[in-house]
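K.L.:
Following this message is one structure expressed as structure tokens.
Derivation of every value follows stated rules applied to the coordinates shown; laboratory data play no part. Computed from a prediction, not measured in an experiment: that's the story for all the values here. All Cβ positions, even for glycine, are placed from backbone atoms using ideal geometry, and neighbour counts span all protein chains on display.
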């Protein structure tokens, strides 16, 4: 499913232009538009949610104050936000990286599950080794497991022309079935009665938290992965080639780019990020593989990628923002007697508003460059 | 063999009954998705629509005491969510996959929020149509109690086939889906056609949800849907954008889902979880075998997945 040639084509043109022409003056109105519209959209989503709260006879300002307090109000609550943001950053990359090539992959959940299972298997195989070796093996296992899973999606697209959105969606369900099959079969720990799970990773081999905070190293993985993705896609020739393919695949073929190889590599990298999310879930949170690996973070990750326009740095911001929203679920329940689903509703409204705002670019006279 | 232990026949009858029961929501959402995709847009948010339909059908049936009013409410709720999706994707530069996922989150949020008070009470169920009353074997009589919404779905499938093939409106929908520019040139409003298709498609998806909460499994819970709404997109490809083939595909999916539990019922539990994934594996296999990099699939609307 080819996406519209958007800013990619523009940046290709801009790159060739800067080679010959002197650098143009800073176009502050365009830059301002890029900040004002998303911020306006978030505010718009919040206003909609505020109206909803008002009709549910809760004071919207009190609700927002509580959400802010629970998400960003103190170091303690911010830690909670960061813990939730880490998997979102990693799963978002699974859509974002292939997205730059022009593929719409929604197999985040499958990559996460595949990575989690592979990481558990790797961790169990070397569980008597030292802590850091176990974590390294789990990380490699997770990256390879998730990476291969999404590479298969790319391969089906390239070899057989199978629509990548549908195949990755199907592979989510297949991954979950394989997970259930394994944790009810060969990997099953007989002592896990109510919730069939794999054998556990020993407690002392679990991924530690950073310093004396509650935040585990998954956050570092998330931020580093996003930064690497940003550098790779925006500042290397590899990224330039991928973006060129996403902008105009025919032109890229004419230019002799290895279109398929680059596509498979981006799929592998995206899947490896999702697999790392699964590994973090096992190594830092549950200590074993079970169905909580498929916790629905995948779909939120897809939205994070789209909202951040498939770019690494904005993903960190958007994921932190969404992590904050997710972290405030408990307080809405305790202080306002609002059900958990309120957060889902809030999240949906904000995302709908942001997606709507995509259609507003270039519509306001104020943001048009003067004299251009 | 006595009437109450029918052995292996039990598996066959069980699978058949579960095929129709489990296939009905697939049928309704896939018909809705088929209508939507024929007009050139994708609606991944049907999962949210399905949940919202299930919740509103149950809540309204409980309040009014009539399951039929519940079905109407489900259609209305689905249509309302469809309006939001249709409005969003009619705007320029809005990606319909992303919009669908946002609608999925928003729709399930709404359903869980407003459905919270209805998890406990029990609502009146849709009356089954008993095709097996002639039989003295209770298993057969039970198995042939079929949801009225299944017959509704079958009627819609054949009706939609007729609509696409022979009516002027049907041709307009196909024109919009195949070549919006050409449709616009002969004076068809692309925006309005797509809007109507998405809204009607979502209403059908909502009715599919009503089958879940008012017939089988027959109660409102947050785990009521097992991804039927998302699968609709794959099903429509499987059925080659043909409404009558949606019917056969839905039955196949319903049947494939029933194999695992039925085998388990007679004591075979090997590969239980893998059997559950058989519809997905089957779809993927069919796509791998029939797709080609050289041409698009037969029946695929030309403008599907493009930003026109």
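K.L.:
Where does helix B:168-178 land angle-wise versus the long Cα axis of chain B, in degrees 0 to 90, nearest 10?
P.N.:
Its long axis makes an angle of about 80 degrees.
K.L.:
Right, next: Using 5 Å bins from zero, what percent of all Cα-Cα pairs in segment A:153-216 falls into each bin?
P.N.:
Spelled out bin by bin, segment A:153-216 gives 4, 15, 12, 12, 12, 13, 15, 11, 6, 1, 0 percent.
K.L.:
So what's the angle, to the nearest 10 degrees on a 0 to 90 scale, between helix B:228-238 and the longest Cα principal axis of chain B?
P.N.:
Tilt relative to chain B: about 70 degrees.
K.L.:
Could you work out, for segment A:92-193, what percent of all Cα-Cα pairs fall into each 10 Å distance bin, beginning at 0 Å and stopping at the bin that holds the largest distance?
P.N.:
16, 39, 30, 13, 2
K.L.:
Compute the distance from the alpha-carbon center of segment A:73-142 to that of segment A:265-330, in whole Å.
P.N.:
Rounded to whole Å, the Cα centres lie 7 Å apart.
K.L.:
How do the peptides A:273-280, A:55-62, A:309-316 rank, highest first, by the average count of neighbouring beta carbon atoms within 10 Å per residue? If you can, show how the numbers build up before the last one.
P.N.:
Details: A:273-280: 34.8, A:55-62: 12.5, A:309-316: 21.8.
Going by the mean number of other Cβ atoms within 10 Å, highest first, we get A:273-280, A:309-316, A:55-62.
K.L.:
Next up: Just tell me how shielded B:277-284 is by partners: mean number of partner chain Cβ atoms within 10 Å of each residue's Cβ, no decimals.
P.N.:
On the way: counts 9, 2, 2, 10, 5, 1, 6, 10.
Averaged over the peptide's residues, the number is 6.
K.L.:
Across the residues of B:103-115, average count of Cβ atoms on other protein chains within 10 Å? List each step's numbers first, then the result.
P.N.:
Numbers: counts 4, 5, 14, 9, 3, 6, 11, 6, 3, 6, 10, 3, 2.
Mean inter-chain Cβ contacts per residue within 10 Å come to 6.
K.L.:
Still on this structure: For chain A, place one equal point scatterer on every Cα, skip the solvent, and apply the Debye formula. What is log10 of I(q)/I(0) at q = 0.06, 0.09 Å⁻¹?
P.N.:
-0.25, -0.56
K.L.:
Between B:210, B:59, B:102, which gets the highest mean-square fluctuation from a Gaussian network model of chain B, Cα cutoff 10 Å?
P.N.:
In this elastic network of chain B, the residue with the biggest mean-square fluctuation among B:210, B:59, B:102 is B:102.
K.L.:
Please give the calculated 222 nm ellipticity per residue for the protein assembly as shown, where each DSSP H segment of at least 4 residues contributes -39500 (n - 2.57) and the sum is spread over every residue; nearest 500 deg cm²/dmol? The partial results should precede the final answer.
P.N.:
Details: 28 runs with 469 residues, N = 680.
Rounded to the nearest 500, it is -23000 deg cm²/dmol.
K.L.:
With only alpha-carbon atoms counted, please give the Rg and Dmax of the protein assembly as shown, in Å.
P.N.:
Rg then Dmax for the protein assembly as shown, in Å: 25.2, 92.
K.L.:
Another one. Which semi-axis lengths, in whole Å and largest first, follow from the square roots of five times the eigenvalues of the Cα gyration tensor of segment A:150-190? Spell out each step's value before the answer.
P.N.:
Working: eigenvalues 157, 16, 6 Å².
Semi-axes (√(5λ), whole Å): 28, 9, 6.
K.L.:
Which of B:287, A:210, A:143 comes first, and how do the rest follow, when ranked by fewest Cβ neighbours within 10 Å? Before the final figure, lay out the partial values.
P.N.:
Details: B:287 21, A:210 14, A:143 24.
The most exposed by this proxy come first: A:210, B:287, A:143.
K.L.:
Using a Gaussian network model on chain B with a 10 Å cutoff between Cα atoms, which of B:154, B:29, B:236 fluctuates the most?
P.N.:
B:154
K.L.:
Along each of its three principal axes, how wide is the spread of alpha-carbon positions in segment B:51-164, in whole angstrom units, largest first?
P.N.:
Sorted largest first, the three principal extents are 61, 41, 22 Å.
K.L.:
Let me understand segment B:7-290 better: what is its radius of gyration from the alpha carbons, and its Dmax, in angstrom?
P.N.:
18.9, 63
K.L.:
What base-10 log of the normalised intensity I(q)/I(0) is obtained for segment A:91-307 from the Debye formula, alpha carbons as equal point scatterers, at q = 0.13, 0.15 Å⁻¹?
P.N.:
Calculated log10 I(q)/I(0) at the listed q: -0.70, -0.90.
K.L.:
Would you mind checking the tilt of helix B:148-166 against the longest principal axis of the Cα atoms of chain B, expressed as 0 to 90 degrees and rounded to 10?
P.N.:
With rounding to tens, the tilt is 30 degrees.
K.L.:
Now for a separate question. What list do you get for A:37, A:176, B:198 if you sort them by fewest beta carbons within 10 Å? It would help to have the intermediate numbers written out before the result.
P.N.:
Working: A:37 18, A:176 22, B:198 31.
Listed from fewest to most nearby Cβ atoms, that is A:37, A:176, B:198.
K.L.:
Same structure again: If you take the Cα atoms of segment B:238-308, find Rg, then find the Kirkwood Rh from the mean of 1/r over all pairs, what is Rg/Rh? Could you put the intermediate results ahead of the total?
P.N.:
Numbers: Rg = 15.9 Å, Rh = 14.2 Å.
In segment B:238-308, Rg relative to Rh is 1.12.
K.L.:
Mind telling me which of B:259, B:207, B:188 comes out most flexible in a GNM of chain B, alpha-carbon contacts under 10 Å?
P.N.:
B:188
K.L.:
Taking each residue of A:95-105 in turn, how many C-beta atoms of other protein chains fall within 10 Å of its C-beta, and what is the average? Working shown, then result.
P.N.:
On the way: counts 3, 0, 0, 0, 1, 0, 0, 0, 0, 6, 0.
Partner-chain Cβ atoms within 10 Å, mean over residues of A:95-105: 1.
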